[in-house]
Ligand code: ADP
């Protein structure tokens, strides 16, 4: 094992930098957590913890064959002892495997050893918009245009692949080192098998659940548009539109379309949110219509965002 650690580190210092961790990767990876994928004969080192999810712990992972850094979702087999739990993970992998887009987290590899299953993904070193909002409380309109445009591009791509995400939320909008938004977590996603198909149930609890999903009336791609509206509201206001202290009360408000705007929001922002939160799914805007909306053309839309925006309010021209 010692051999493995010493060989690529010094030789390929610069290649590690494409992942934006700086050259001193030895600070991030020690040789005590070695992961071996015998299906591809690849050795990885486990680095710092990036986050915890329902099943998985996510770590920075260094591929010692290429010296590239990824994110590794590690799921202990003790936590997925029931066959349907494993099936759910395999379905998630199956859906994500063939997707390739600038605004969707890239799937790299899936393998198992005796203790864990591993999902290797593109590394998003700046975590998610949850983390941004924790520091910032709420965002400026130009920032919201920036993130929403990238979100819509990612959603447009997965919809064109007949996939409904069904759990779009701030925690599933990750940021890489360059502040590029990457759509993540296909745990509740589904594939539409024929035009016009309505899905009746979701196996899990979506965060920004649409009324038609809640009422089990049959739902489709429009459920993701609802979530885009909730995300836009949350980014501009600092809290989600239907938030209450209990899930029951929140669901009642969703069913009744009962939400209000703080006076700080501009008319253009309110109008677009209202369109996305239309109770009737077919009355919600198409993704292209969102991008063409007054909100996107009435003010500045940055083409790039400084990483300082993660913690401090930017000043725009
Ligand atoms: P689960 O499916 O068990 O809920 P998640 O997909 O939510 O697990 O991942 C848990 C956490 O790990 C996320 O909240 C996020 O902070 C982090 N994470 C997930 N994927 C990546 C990634 N590709 N790059 C960086 N961090 C990630």
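Here, each number is a calculation from the coordinates, and none is a lab measurement. Just so we're clear, the structure is a prediction, and the values are computed from it rather than from any experiment. For neighbour counting, all protein chains shown are included, and Cβ atoms are generated from backbone atoms with ideal geometry for every residue, glycine included.
Within 16 Å of the ligand (Cβ to nearest atom) and under 24 Å from residue 294 (Cα atoms): does that describe residue 204? Working first, answer last.
Working: within 16 Å of the ligand (Cβ to nearest atom): yes; under 24 Å from residue 294 (Cα atoms): no.
Considered against the rule, which asks whether it is within 16 Å of the ligand (Cβ to nearest atom) and under 24 Å from residue 294 (Cα atoms), residue 204 comes out as no.
Going through the range 103-118 one residue at a time, which ones are in contact (Cβ under 8 Å) with a residue 40 or more places away in the chain and more than 24 Å from residue 192 (Cα to Cα)?
109, 111, 113, 116, 117, 118
Under 16 Å from the mean Cα position of the chain (by Cα) and assigned to a loop (DSSP other than H, G, I, E, B): which single residue out of 50, 99, 95 fits that description? Explain how you work it out, then say what you get.
On the way: 50 fails: assigned to a loop (DSSP other than H, G, I, E, B); 95 fails: assigned to a loop (DSSP other than H, G, I, E, B).
Criteria check complete, one pass: 99.
Do you know which of the residues in the range 39-52 that are near the ligand (Cβ under 10 Å from one of its atoms) and loosely packed, with under 13 Cβ neighbours inside 10 Å is farthest from residue 170 (Cα to Cα)?
Of the range 39-52, the ones near the ligand (Cβ under 10 Å from one of its atoms) are 49-52.
So of that shortlist, the ones also loosely packed, with under 13 Cβ neighbours inside 10 Å come out as 49, 52.
Numbers: 49: 19, 52: 15 Å.
Among those residues, the one meeting the criterion is 49.
Keeping to the range 126-140, report how many residues are surrounded by 16 or more Cβ atoms within 10 Å (Cβ to Cβ) and more than 15 Å from the ligand (Cβ to nearest atom).
Looking only at that region, the number is 4.
So which residues in the range 187-213 are loosely packed, with under 15 Cβ neighbours inside 10 Å and either in contact with a strand residue (DSSP E or B) (Cβ under 6 Å, 6 or more places away or on another chain) or not in a loop (DSSP other than H, G, I, E, B) (or both)?
The first filter runs over the range 187-213 and keeps only residues loosely packed, with under 15 Cβ neighbours inside 10 Å, leaving 191, 193-198, 200-201, 203-205.
Within the range 187-213, just 191 meets the criteria.
Hey, can you tell me all the residues within the range 281-290 that are assigned to a helix (DSSP H, G or I) and surrounded by fewer than 18 Cβ atoms within 10 Å (Cβ to Cβ)? I'd like the intermediate steps shown before the answer.
The initial filter retains those residues of the range 281-290 that are assigned to a helix (DSSP H, G or I), namely 281-283, 287-290.
Within the range 281-290, 282, 283, 288, 289 qualify.
Please find, among 151, 129, the residue that is touching a helix residue (DSSP H, G or I) at 6+ places or on another chain (Cβ under 7 Å), under 30 Å from residue 45 (Cβ atoms) and in contact (Cβ under 8 Å) with a residue 40 or more places away in the chain. Lay out the reasoning, then the answer.
Numbers: 151 fails: under 30 Å from residue 45 (Cβ atoms).
The conditions single out 129.
Pairs, please: C-beta under 6 Å, at least 6 apart or cross-chain, first residue in contact (Cβ under 8 Å) with a residue 40 or more places away in the chain and at negative phi and in the range 55-69, second near the ligand (Cβ under 10 Å from one of its atoms) and in a loop (DSSP other than H, G, I, E, B)?
69/123
If you scan the range 168-186, which residues turn out to be in contact (Cβ under 8 Å) with a residue 60 or more places away in the chain and surrounded by 22 or more Cβ atoms within 10 Å (Cβ to Cβ)?
Passing the criteria: 168, 174, 175, 181, 182, 183, 184, 185, 186.
Quick check on the range 67-89. Is at least one of its residues surrounded by fewer than 21 Cβ atoms within 10 Å (Cβ to Cβ), within 12 Å of the ligand (Cβ to nearest atom) and under 28 Å from residue 160 (Cβ atoms)?
For the range 67-89, residues surrounded by fewer than 21 Cβ atoms within 10 Å (Cβ to Cβ), within 12 Å of the ligand (Cβ to nearest atom) and under 28 Å from residue 160 (Cβ atoms): present.
I'd like the full set of residues that are more than 9 Å from the ligand (Cβ to nearest atom) and closer than 16 Å to residue 53 by Cα, limited to the range 94-119. Before you say what the answer is, go through the steps one by one.
Going residue by residue through the range 94-119, those that are more than 9 Å from the ligand (Cβ to nearest atom) are 94-104, 107-118.
Residues satisfying the conditions are 116, 117, 118.
Touching a residue at least 40 places away in the same chain (Cβ under 8 Å), away from the ligand (no atom under 12 Å from the Cβ) and closer than 24 Å to residue 295 by Cβ: does that describe residue 143? Steps first, please.
Working: touching a residue at least 40 places away in the same chain (Cβ under 8 Å): yes; away from the ligand (no atom under 12 Å from the Cβ): yes; closer than 24 Å to residue 295 by Cβ: yes.
Against the criterion (touching a residue at least 40 places away in the same chain (Cβ under 8 Å), away from the ligand (no atom under 12 Å from the Cβ) and closer than 24 Å to residue 295 by Cβ), residue 143 qualifies.
Assess whether residue 61 counts as being in a helix (DSSP H, G or I), under 30 Å from residue 149 (Cα atoms) and within 16 Å of the ligand (Cβ to nearest atom).
Numbers: in a helix (DSSP H, G or I): no; under 30 Å from residue 149 (Cα atoms): yes; within 16 Å of the ligand (Cβ to nearest atom): yes.
Answer is no for this residue.
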